[in-house]
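Computed from the coordinates by the stated procedures, all read-outs in this text should not be read as laboratory data. Bear in mind that the values here come from a model prediction, so they are computed numbers and not experimental data. When we count neighbours, we look across all protein chains shown, and the Cβ atoms used for this are built from the backbone with ideal geometry, even at glycine.
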Amino acid sequence: MSLKVNLRHLEDDGIRLKGELPVAELDLGVADELVHLEKPLRYDLVVESLHDAVLATGSLVLPLDCECGRCLKKFKSEVKLTGWAVHLPLEGEEKVSVENDCVDLTPFVREDILLNFPQHPLCKTDCAGLKKKGKVSAAESLENTKPAVWAALDKLKLK
């Protein structure tokens, strides 16, 4: 079940597509350990014919189950495209493929979902990360991270 539109249905008037598309149909190929795709994509689209092209507009929402990249806390998020639009020419160099009078919107939905996919999911923008046991000052923290190689260079006395 992909998002296919029959061009003959567009001849008289545009059509509205509303429903859910299983994540497996999107074939996102996401192998991120911090983002889990469990729920289907929800779509609400209006598809219409424009001379020698097809125009699809509407909204796409993909729920995500995430783990924070800093503190590993589980949280819910979503890829939400409210003003989504795609213009698909039916003629010319950039024309889309038409099979059995149908145009498949799925590759275009997939591309825009991937472009808006979280690269480093965070539960909050100011997430401090994992809590350390005991308090360490900023200066002590900096000293602890200083490599031993630099210690030998610090002993050099240059004129």
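Volume of the convex hull of the chain (Cα atoms only), normalised per residue: 212 Å³. Fully extending the segment from Leu156 to Leu7 would add 45.9 nm, taking 0.36 nm per residue of separation and subtracting the current Cα-Cα distance.
This ranking places Leu21, Leu115, Leu62, Leu50 by how few other beta-carbon atoms lie within 10 Å of each, fewest first, which gives Leu115, Leu50, Leu21, Leu62.
Once C-alpha pairs closer than 8 Å and six or more residues apart are averaged by separation and normalised to the residue number of the chain, the relative contact order reads 22 percent. For Lys73, the residues whose amide H sits under 5 Å from its own are Cys68, ignoring neighbours fewer than 5 places away on the same chain, with H placed 1.01 Å from N. Relative to the longest principal axis of the Cα atoms of the chain, the long axis of helix 106-115 lies at roughly 20 degrees.
For the pair Leu17 and Glu111, the difference between a 0.36 nm per residue extended length and the Cα-Cα distance amounts to 32.0 nm. The spacing between the range 50-68 and the range 1-48, judged by their C-alpha centroids, is 7 Å.
For the chain, what does -39500 (n - 2.57) per DSSP helix run (n ≥ 4), summed and divided by total residues, give at 222 nm, in deg cm²/dmol to the nearest 500?
Using -39500 (n - 2.57) per qualifying helix, the result is -4500 deg cm²/dmol.
Note on the range 13-88: semi-axes of the ellipsoid equivalent to its C-alpha gyration tensor, largest first and rounded to whole Å, are 31, 11, 11.
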